[in-house]
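Here the structure is laid out as structure tokens; the discussion comes afterwards.
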Amino acid sequence: MSVRELVVLGTASQVPGRRRNHNGYLLRWDGEGLLFDPGEGTQRQMLLAGVAANDITRICVSHFHGDHCLGLPGVVQRLSLDRVAHPVHAHYPASGGHFFARLRAASAFHETAEIREEPVDVDGPVASGAFGTLEARRLEHPVESFGYRLVEPDGRRIVPELLSRFGVSGPRVGELQRAGALEVAGRTVTLERVSVPRPGQRFAFVMDTRLCDGVYALAEGADLLVIESTFLAEDAGLAAEYGHLTAAQAAAVAAECGVRRLVLTHFSQRYPDPKRFAEEAAEVFDGDIVVAEDLTRVAVPRRRR
């Protein structure tokens, strides 16, 4: 059975706290496991969250500030220690290639895992497969930063009542799905006649950035948007100065882009009460709001019908 969910490994900005680890997020998407921004301590958080190294098929780094990448050495070495047999693709800003190289070889170990480095230097698709298309968009931060977006192609949903009406059953259903049309009792039955459109699902990951075109491009139509909300509106000046978002700004993006479930994360330690982020976001966005907590899971919303 396919699983689509976000496993939250860490939610703190800059430094870990008593209740929040450095960043880290694993997106389970059917057979794929995309690890985003593994900060310091990610390997231990994986253990606590029940995430195995073998679950990881891609690593996506938004930028090379420490809270988003200092967990890479442990994760990379764990892939070899656990003898992960499949290739793991690594996407990161091309301008930070020297940082990735240092982190990948931070200490002595016997590397057996196959890590395929695929640096990102322009907006657009970075990978495609049965999972859909993984895209990147440039963000605005003091160092080069990219956000990521996973887009499943639109498809069609078979309607059993229509199959019965046209006399299609058993193995012929699969044949119709593969071929797109069948001859049944002397007439042609097309897939379109026994199905309805099924919009593909979309996931977006937006980390350290000011508001910019890339933020909106990533968030557009997302079923699940994971977005930084480092500051509250009372500190909007600091957010702009340091290249971050407030909870109100993140929520406004979600409202404008038709997001279904909003996940706020990357919180500054200056705010002891996480409820304030939800309250601020709710004044702008009337959809589902999740204030991320370490070691929790957030489901991708069920498909639109």
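Among the residues of region 34-45, those identified as under 13 Å from L72 (Cβ atoms) and part of a helix (DSSP H, G or I) are T42, Q43. Among all residues of region 182-200, there is at least one that is touching a Gly at 6+ places or on another chain (Cβ under 7 Å) and among the hydroxyl-bearing types (S, T, Y). Under the condition of being open to solvent by 30 Å² or more (accessible area, probe 1.4 Å) and not in a loop (DSSP other than H, G, I, E, B), which residue from region 6-33 is nearest to H244 (Cα to Cα)? Among those that are open to solvent by 30 Å² or more (accessible area, probe 1.4 Å) and not in a loop (DSSP other than H, G, I, E, B), it is R28. For the list (1) hydrophobic (A, V, I, L, M, F, W, C); (2) open to solvent by 20 Å² or more (accessible area, probe 1.4 Å); (3) touching a strand residue (DSSP E or B) at 6+ places or on another chain (Cβ under 9 Å); (4) without any contact (Cβ under 8 Å) to a residue 60 or more places away in the chain, I need the number of the one condition that A185 fails. The failed condition is (3).
Annotation: of all residues in region 44-65 being out of contact with any strand residue (DSSP E or B) (no Cβ under 8 Å at 6 or more places or on another chain) and farther than 19 Å from A292 by Cα, the one that is least open to solvent (accessible area, probe 1.4 Å) is A53. Suppose the filter is outside any loop (DSSP other than H, G, I, E, B), surrounded by 12 or more Cβ atoms within 10 Å (Cβ to Cβ), without any contact (Cβ under 8 Å) to a residue 24 or more places away in the chain and in contact with a strand residue (DSSP E or B) (Cβ under 7 Å, 6 or more places away or on another chain); does R156 pass it? It is false that R156 is outside any loop (DSSP other than H, G, I, E, B), surrounded by 12 or more Cβ atoms within 10 Å (Cβ to Cβ), without any contact (Cβ under 8 Å) to a residue 24 or more places away in the chain and in contact with a strand residue (DSSP E or B) (Cβ under 7 Å, 6 or more places away or on another chain). Here I227 passes the criteria (1) closer than 21 Å to D67 by Cβ; (2) out of contact with any strand residue (DSSP E or B) (no Cβ under 8 Å at 6 or more places or on another chain) except the one numbered (2). Could you please tell me which pairs satisfy a Cβ distance under 6 Å, a separation of 6+ or placement on different chains, a first residue in region 68-88 that is under 17 Å from H22 (Cα atoms) and modelled with pLDDT of 95 or more, and a second residue that is of a type in the set (G, A, S) and open to solvent by less than 20 Å² (accessible area, probe 1.4 Å)? Correct list of pairs: H68/G39; H68/S62; L70/G39; G71/G39. R178 fails exactly one of the following numbered conditions: (1) at pLDDT 95 or above; (2) over 30 Å from E220 (Cα atoms); (3) open to solvent by 80 Å² or more (accessible area, probe 1.4 Å). What is the number of that condition? It is condition (1) that R178 fails. In this structure, is A204 aliphatic (A, V, I, L, M), within 21 Å of Y25 (Cβ to Cβ) and in a strand (DSSP E or B)? Spelling it out, A204 is indeed aliphatic (A, V, I, L, M), within 21 Å of Y25 (Cβ to Cβ) and in a strand (DSSP E or B). The lone criterion from (1) outside any helix (DSSP H, G or I); (2) open to solvent by 10 Å² or more (accessible area, probe 1.4 Å) left unmet by E241 is number (1). Inspect region 120-127 for any residue being touching a strand residue (DSSP E or B) at 6+ places or on another chain (Cβ under 8 Å), under 23 Å from R303 (Cβ atoms) and either without any contact (Cβ under 8 Å) to a residue 60 or more places away in the chain or of a type in the set (K, R) (or both) and give the result as yes or no. Yes, there is a match, as at least one residue in region 120-127 is touching a strand residue (DSSP E or B) at 6+ places or on another chain (Cβ under 8 Å), under 23 Å from R303 (Cβ atoms) and either without any contact (Cβ under 8 Å) to a residue 60 or more places away in the chain or of a type in the set (K, R) (or both). Candidates in region 274-299 are the residues that are touching a residue at least 40 places away in the same chain (Cβ under 8 Å) and farther than 23 Å from S62 by Cα; of these, the one that is surrounded by the fewest Cβ atoms within 10 Å (Cβ to Cβ) is R276. Residues that are out of contact with any Cys (no Cβ under 7 Å at 6 or more places or on another chain), closer than 25 Å to Q269 by Cβ and open to solvent by 20 Å² or more (accessible area, probe 1.4 Å): does region 74-81 have at least one? Checking region 74-81: at least one residue is out of contact with any Cys (no Cβ under 7 Å at 6 or more places or on another chain), closer than 25 Å to Q269 by Cβ and open to solvent by 20 Å² or more (accessible area, probe 1.4 Å).
Scanning region 256-273 for residues that are assigned to a loop (DSSP other than H, G, I, E, B) and open to solvent by less than 30 Å² (accessible area, probe 1.4 Å) yields V259, H266, S268, Y271.
The values are calculated or read from the model by the stated rules, or taken from the named source; none is laboratory data. Everything quoted here is computed from the prediction, not taken from an experiment. Because the Cβ atoms are built from the backbone with ideal geometry, glycine has one as well, and the counts that use them run over all protein chains shown. Ligands, DNA and RNA are stripped out before the accessible areas are found, and what is left, the full protein with its side chains, is counted by its heavy atoms. Shrake-Rupley method; radii C 1.70, N 1.55, O 1.52, S 1.80 Å.
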